[in-house]
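The values are calculated or read from the model by the stated rules, or taken from the named source; none is laboratory data. Keep in mind it's a predicted model, so treat the numbers as computed, not measured. Counting neighbours? That spans all protein chains shown, and the Cβs are built from the backbone with ideal geometry, glycine included.
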Amino acid sequence: MKLKACIKSIASYLPEKTLTNKDFESFLDTSDEWILKRTGIKQRYIASETENTSDLAYKAAIKAIQRAKIQTNDIDLIIVATLSPDYFTMPSTAVVVANKLGLKGVSAFDISAACSGFIYMLELARSMVESGAKKNVLIIGAEKISSVLDYTDRTTCVLFGDGAGACVVSASEGKGIIDIHTGSDGEFKDLLCTKRSNQTKQLEPIKLEMKGNEVFKVAVKTLSDDVSYLLDKNKLKTSDIDLFIPHQANLRIISYVQEKLGLSDEQCVVCVDKFGNTSAASIPIAINEAYEQGRLTNGKLMLLDAFGGGFTWGSALTYFDGIDYKNL
Ligand code: COA
């Protein structure tokens, strides 16, 4: 019998401290009104000095493993997507998380696909499970993005927040993952990047830089084109989708895509107001919001849609095959 990869659980973790738009007014030439109007963001969470990306990832992972009703040592692969890893290039954050989980000998590695990281990991996890190579894959999008932000640059620092979202993908008899599509275009590499070329001899602090206006234009087009492609390919209509869960970067981008695709507010998951853009963690955090609000229950069909630095993008059509939140 052909193995089917299924999303068995979802969980997230946010650090304690929030940074509101008003808080920025005390040290930056900006206002709550400007940020809210241009982005829809009201607040974001910021990790403490001593909290690393792996700590956020670990806390989300523990919950995801419990919710999947498996033991930690049933996990045979950990993948972390992040643009703010604990270490620069090595060891991977996935290896650090594996150690925190007490797992010795487990396969573990990171991927770099910016805000599209979750969709890329889902595609990898699906192939690993359906090929029979792995049974239970833990995928985690985690960011301490505050560590690569320049808090004197008002055009970028107000947009982002820290957090982590984790998910267990297992071989099971559920309805499973239907289809995933990912892509990239390196022509746009300088529009959204963390500058510090590893070819320069002198190490400077890493700093996220973005040409917001140009990113916006490509993002709205790519996000809507990619989901339309995936729906057409699978002969599905937007009305077949229970929940549309886009990357939470900016309310204006989400609203544009929602309108273009003709999706209702009931179908659309929006939480950018609470978390800001958490990059690779954004989609799993948003899935978890829907889950904990009781909107995402077993058997619901999700359409995931991501876009990020590179540029990278991806979309996924998948059922949720986990236990309903109220039955945990
Ligand atoms: N507070 C107040 N003013 C600000 C500001 C802030 N935080 N950031 C920028 N401005 C100013 C600019 O300096 C500019 O001033 P000027 O006209 O005097 O030069 C003005 O606001 C307009 O700047 P602009 O960059 O054209 O604004 P915008 O309408 O494009 O909005 C973004 C800026 C970043 C909100 C918007 O471009 C955006 O959302 N881009 C996509 C970003 C994104 O989601 N990236 C991640 C994708 S994964």
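Just a few scattered comments:
- Taken across segment 158-176, residues that are within 14 Å of the ligand (Cβ to nearest atom) and polar (S, T, N, Q) do not occur at all.
- Qualifying residues in segment 130-157 (those that are of a type outside the set (S, T, N, Q), outside any strand (DSSP E or B) and within 16 Å of the ligand (Cβ to nearest atom)) - the one surrounded by the most Cβ atoms within 10 Å (Cβ to Cβ): Ile145
- Conditions (1) part of a loop (DSSP other than H, G, I, E, B); (2) at pLDDT 95 or above; (3) among the polar types (S, T, N, Q); number of the one not met by Ser54: (1)
- Which listed residue is within 15 Å of the ligand (Cβ to nearest atom), touching a residue at least 60 places away in the same chain (Cβ under 8 Å) and under 27 Å from Ala171 (Cα atoms), from Ile323, Ile283: Ile283
- Residue in segment 270-281 that is at pLDDT 95 or above, basic (Lys, Arg) and assigned to a helix (DSSP H, G or I) present: yes
- Just one residue in the set Ala64, Ala60 is in contact with a helix residue (DSSP H, G or I) (Cβ under 8 Å, 6 or more places away or on another chain) and in a helix (DSSP H, G or I); that residue is Ala60.
- Contacts under 8 angstrom Cβ, first residue in segment 23-46 being not assigned by TED's automatic domain parsing to the domain that holds Val272 and more than 7 Å from the ligand (Cβ to nearest atom), partner in a helix (DSSP H, G or I) and of a type in the set (S, T, N, Q), 6 or more apart: Asp32/Asn21; Leu36/Asn21; Ile41/Asn21; Lys42/Asn21; Gln43/Asn21; Ile46/Ser146
- Residue within segment 292-307 that is out of contact with any Phe, Trp or Tyr (no Cβ under 6 Å at 6 or more places or on another chain) and among the aromatic types (Phe, Trp, Tyr) present: no
- Glu49 fulfils the conditions (1) under 23 Å from Ser146 (Cα atoms); (2) surrounded by 24 or more Cβ atoms within 10 Å (Cβ to Cβ) except for a single criterion, (2).
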